[in-house]
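The values are calculated or read from the model by the stated rules, or taken from the named source; none is laboratory data. This one's a predicted model, so the numbers in the text were calculated from it and none came from an experiment. Glycine gets a Cβ as well: all are built from the backbone with ideal geometry, and neighbour counts include every protein chain shown.
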Amino acid sequence: MKLFLLFVSITLMVCAQPSMAKDHLIGILVFDGVLTSDVTAPAEVFGAASKHAWFSNYEVVFIAVGKNKTITTEEGISINADLTIYDQAELAVLIAPSAYDMSPILDNEALIKYVQKQNTSLEWLMSHCSGSQILAEAGLLDGKKATTWAGGEKDFAKKYPKVDVQHDVNVVMHGRFITSNGSVISYQSSLLLLEQLSSKDFAQEVADAIQWPRLKKAKSYLM
């Protein structure tokens, strides 16, 4: 009887653990004024991939920069985050998106410390557009090749002289760090990261599913 009760107790403890604990989490930072496509592009790519058996152990979560989990994007879309930077979570990937005004984000000491701490155990760290400034502010791009928003390379290099800024390049991968331009290029960088996490064939499968290859042969029918 005692053995049975002990078994039941252990079973309940295991079942009570949050489902996130068994997954490789892909965390996307969100905050008021974030550019929608920087968030939705990786969410779509990795969300679509997670529906397949070969990527089913990965889960996408939104992580609010503040204590309020509800944020509004630059384009007026509300997002309810799963976590905040004040919650305990072990991430496999962290993605830093952008905003037109990054000042409040870069001045957030709690966020910078969070990114620095997460970096010690992350498999990959990725930024879109001016989100690269978050990584640079944390000192994580020092001595690394990186890019930022298209047309902002000179300003980025001036502000962070220790970063080896690459000009007129969509996506840069240096080790386990990926930086890219924003908007539609966020899909390109997300697919590149998916390839690193799975395989080229699997990444192509998702690219085909979201019709990414059609951008290369886009045609319009006008009347």
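Candidates are the residues of segment 172-181 that are surrounded by fewer than 17 Cβ atoms within 10 Å (Cβ to Cβ) and either free of Cβ contacts under 8 Å to residues at least 24 places away in the same chain or part of a loop (DSSP other than H, G, I, E, B) (or both); the one that is farthest from the chain's Cα centre (by Cα) is 175. Among the residues of segment 121-180, the ones that are over 17 Å from residue 99 (Cα atoms), touching a strand residue (DSSP E or B) at 6+ places or on another chain (Cβ under 8 Å) and of a type in the set (Val, Ile, Thr) come to 5 in all. If you go through segment 58-91 and keep only what is in contact with a Leu (Cβ under 9 Å, 6 or more places away or on another chain), over 14 Å from residue 34 (Cβ atoms) and surrounded by fewer than 16 Cβ atoms within 10 Å (Cβ to Cβ), you end up with just 90.
Every test in (1) under 22 Å from residue 46 (Cβ atoms); (2) surrounded by fewer than 19 Cβ atoms within 10 Å (Cβ to Cβ); (3) without any contact (Cβ under 8 Å) to a residue 40 or more places away in the chain; (4) of a type outside the set (Phe, Trp, Tyr) is passed by residue 139 save one, and that test is (1).
Of all residues in segment 186-203, none are in contact with a His (Cβ under 6 Å, 6 or more places away or on another chain), modelled with pLDDT of 95 or more, surrounded by fewer than 18 Cβ atoms within 10 Å (Cβ to Cβ) and not in a loop (DSSP other than H, G, I, E, B). Of the residues making up segment 146-163, those that are within 21 Å of the chain's Cα centre (by Cα) and in a loop (DSSP other than H, G, I, E, B) are 147, 148, 149, 150, 152, 163. The set of residues from segment 161-171 being surrounded by fewer than 20 Cβ atoms within 10 Å (Cβ to Cβ) and under 13 Å from residue 141 (Cβ atoms) comprises 161, 162, 164, 166.
Conditions tested, residue by residue: (1) aliphatic (A, V, I, L, M); (2) without any contact (Cβ under 8 Å) to a residue 40 or more places away in the chain.
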{"site": "56", "(1), (2)": "no, yes"}
{"site": "61", "(1), (2)": "yes, no"}
{"site": "73", "(1), (2)": "no, no"}
{"site": "78", "(1), (2)": "no, yes"}
{"site": "87", "(1), (2)": "no, yes"}
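Go through segment 119-132 and report how many residues are assigned to a helix (DSSP H, G or I) and crowded, with 24+ Cβ neighbours inside 10 Å. Break it down stepwise before answering.
Going through segment 119-132, the residues assigned to a helix (DSSP H, G or I) turn out to be 119, 129-132.
The next check asks that each one be crowded, with 24+ Cβ neighbours inside 10 Å; those that pass are 129-132.
Residues flagged as assigned to a helix (DSSP H, G or I) and crowded, with 24+ Cβ neighbours inside 10 Å within segment 119-132 amount to 4.
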